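Worksheet: the structure to be examined is printed underneath.
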Amino acid sequence: MPTSRQGDRQPSPTAVSAVGLCKSYGDKKVLDGIDLRIAAGSVFALLGPNGAGKTTAVKILSTLITADAGELSVGGHDVVTDPQAVRAVIGVTGQFSAVDGLITGEENMLLMADLHHLSKAEGRRVAAELLERFDLVDAAKKSASTYSGGMKRRLDIAMTLVGSPRIIFLDEPTTGLDPRSRHTMWGIIRGLVADGVTVFLTTQYLEEADELADRIAVLNNGKIAAEGTAEELKRIVPGGHVKLRFTDPDTYGNAASALTGAAPDEEALSLRIPSDGSQRELRSILDWLDSAGIEADELTIHTPDLDDVFFALTGPADAPDQLKENAR
């Protein structure tokens, strides 16, 4: 008899792992025992308010600074005992551009190729390919100081890719970019992941995490307040509801009388029903309407967005613990 292979599926290899990561500066504990596991070929987004420790985490995992404690692995290599092997498989694009404005875009690329010890011919080939990939051919011979913010960011990431890294740390890569340039950058990040690259992303733009990330962690007060997919995180925040709107006052009145758990709005002729937005709950509401012979003129579903999640998890000190408990 044929058997399902589902049980034989192996979990995705781990590209980045941190267990008990700690870092303090003086009396200030910036990272307080955080755990992370990032699957290879995925986008992981680390969110948090300014000063939460996002950049510190990136710097530690990319070997730029040392941790106080923790078991850390990147690309299968121990960050503490084998930092050179880690550096060989990663690329880092920081908050501030590494582009040298005194030279051309092409010269920036060739300089990076020299740093990776590529031959002149190989360096020129790689530089040309990446300049074309990032739509910078026409600007290649121009001084990088003349580039727009979006062009500099594209050049920054192109320079990061010279060494063909399999894991890339992008620390707030779209900060300060206009919406069009930001969307262009999203396309670049999606393209990297399609090629099998793992992306560790920190960002202040919640829409960005929602659009790109396979998993998201919210860092607050040195701890991971919650982690999961965007949809999982949205479900732990209260406030989701289904709204039924009616045009006929009598139909509205009948529905309000029958559905005692709904919050009525007589002026708008609407009922607000608490809901987690799941298919099961929506089906239950529709079944109830059918059985009661009531037809709403409009049904809308509201689920909390990542803004709601962010503000709830990084709000009062007691809020994160309660919401984290809800996520279990």
Total residues in segment 198-221, condition surrounded by 20 or more Cβ atoms within 10 Å (Cβ to Cβ) and more than 15 Å from the chain's Cα centre (by Cα): 1
Of the residues that sit in segment 171-190 and are basic (Lys, Arg) and out of contact with any strand residue (DSSP E or B) (no Cβ under 9 Å at 6 or more places or on another chain), which one is farthest from LEU206 (Cα to Cα)? ARG180
Filter result for the condition that a residue is closer than 16 Å to PHE200 by Cα, of a type in the set (Gly, Ala, Ser) and assigned by TED's automatic domain parsing to the domain that holds GLY91, over GLY41, GLY51: GLY41
Would you please list the contacts, defined by Cβ atoms under 8 Å and residues six or more apart or on different chains, that run from a residue in segment 125-147 that is touching a residue at least 24 places away in the same chain (Cβ under 8 Å) to a residue that is basic (Lys, Arg)? PHE134/ARG154; LEU136/ARG154; ALA144/LYS152
With the requirement that a residue be assigned to a strand (DSSP E or B) and either farther than 12 Å from ALA45 by Cα or in contact with a Pro (Cβ under 9 Å, 6 or more places away or on another chain) (or both), what does segment 199-213 give you? LEU201, THR202
Let me spell it out: the conditions are (1) in the same structural domain as VAL58 (by TED's automatic domain parsing); (2) under 19 Å from ASP195 (Cα atoms); (3) surrounded by 14 or more Cβ atoms within 10 Å (Cβ to Cβ), and VAL126 meets all of them except one. Which number is the exception? (1)
Within segment 81-99, can you find the residues that are at pLDDT below 95 and surrounded by fewer than 16 Cβ atoms within 10 Å (Cβ to Cβ)? ALA88, GLN95, PHE96, ALA98
In segment 41-69, anything assigned to a helix (DSSP H, G or I) and either at positive phi or free of Cβ contacts under 8 Å to residues at least 24 places away in the same chain (or both) is listed as LYS59
Which of (1) touching a strand residue (DSSP E or B) at 6+ places or on another chain (Cβ under 8 Å); (2) among the β-branched types (Val, Ile, Thr); (3) assigned to a helix (DSSP H, G or I) does THR251 not meet, given it meets every other one? (1)
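The values are calculated or read from the model by the stated rules, or taken from the named source; none is laboratory data. Predicted, not measured: the structure shown is a model, and the values here were computed from it. In this analysis, Cβ positions are derived from the backbone assuming ideal geometry, glycine residues included, and neighbour counts consider all displayed protein chains.
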